[in-house]
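This report concerns only the one structure given below.
The values are calculated or read from the model by the stated rules, or taken from the named source; none is laboratory data. Nothing here was measured: the structure is a model prediction, and the numbers come from that model. Cβ: placed from backbone, ideal geometry, glycine included. Neighbour counts: every protein chain shown.
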Ligand SMILES: [Zn+2]
């Protein structure tokens, strides 16, 4: 059984929700035990200026290569300043959500353009339950409650096109935190249950068995690593990333021993990722904003830290309104200390994944 420590309460609004403890993230980067190279398999870096600061912070935390989900126009602007340090993953251009076709006809064109113009090797399929809300908001008849499903004919058309073009790696976001199913997704007749989110994923894992599928955010289920293990056992072509810092810190800190055991049992199938959003358009740029994610996730994986997280987690208040709004959860490190396993999580798993497509 997991046990939940009480959240740390901040009495007033903290000056920086990414650094409630006033940490010196630049100095702390040097104190982390693991000294080898890091690949960040999951980010959203959307402009040259944001990319410059992101890359500075990433380098401090050992990152030698970053994979980002960036709409194609911005990707082409980021590419010249990032060189080999950043590789793009194919996504629809969410910043152009108000244009008809962005998630349908244009998406199919983008799958080809990403491959042919940017050498893209990974296609991301975002299928969080709230995609159904997005479909209602955008002016695109072809993007609706049916076609947003992860294995709808539209999505499959995209995957097949990608396959024909040579993509062999797909990333999916299915499900979302348990806290959201208890709140925003409480209407299961609209959003489905958490378990139901995995049904279309398992069909795709079977139907595209010679491709590797990365389940973002610990496969969407850091709360239940036994369930995740069953998915991995059923599907040898399924791997996960560690991204979504607040979510992983909140949930994996409830069972750090289980998390380390999971990593040991599945070497090469847990990839390091942050889900950092580095975007001027969304007003998400800042040294501490980026550094806090690297520091917290690496602290969670490789140290025995047991104290408050420095990052405000709004879900604590959403789930329990009696908890103050600017609270941070406990952060309890999994203390993985085997160098080889750490190098696998941080670097080699991504290298191995992309080997058939030319390596890193
Ligand atoms: Zn993401």
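The table below gives the values:
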quantity	calculated
Count of region 203-249 residues which are within 15 Å of the ligand (Cβ to nearest atom), out of contact with any helix residue (DSSP H, G or I) (no Cβ under 6 Å at 6 or more places or on another chain) and in a strand (DSSP E or B)	2
Single residue of region 276-290 satisfying the filter (within 16 Å of the ligand (Cβ to nearest atom) and assigned to a helix (DSSP H, G or I)) that is surrounded by the most Cβ atoms within 10 Å (Cβ to Cβ)	290
Condition check for residue 273: under 13 Å from residue 219 (Cβ atoms) and part of a loop (DSSP other than H, G, I, E, B)	yes
Matching residues in region 178-196 - criterion: being within 16 Å of the ligand (Cβ to nearest atom) and modelled with pLDDT of 95 or more	none
Qualifying residue in region 195-212 (condition: in contact with a strand residue (DSSP E or B) (Cβ under 9 Å, 6 or more places away or on another chain) and closer than 17 Å to residue 345 by Cα)	yes
Listing of helices (runs of 4 or more DSSP H) fully contained in region 78-176 that carry 1 or more residues being within 16 Å of the ligand (Cβ to nearest atom)	131-137
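Matching residues to (1) modelled with pLDDT under 95; (2) more than 23 Å from residue 240 (Cα to Cα); (3) away from the ligand (no atom under 16 Å from the Cβ); (4) surrounded by fewer than 20 Cβ atoms within 10 Å (Cβ to Cβ):
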{"residue": "36", "(1), (2), (3), (4)": "no, no, yes, yes"}
{"residue": "40", "(1), (2), (3), (4)": "no, no, no, no"}
{"residue": "44", "(1), (2), (3), (4)": "no, no, no, no"}
{"residue": "53", "(1), (2), (3), (4)": "no, yes, yes, yes"}
{"residue": "57", "(1), (2), (3), (4)": "no, yes, yes, no"}
{"residue": "60", "(1), (2), (3), (4)": "no, yes, yes, yes"}
{"residue": "67", "(1), (2), (3), (4)": "no, no, no, no"}
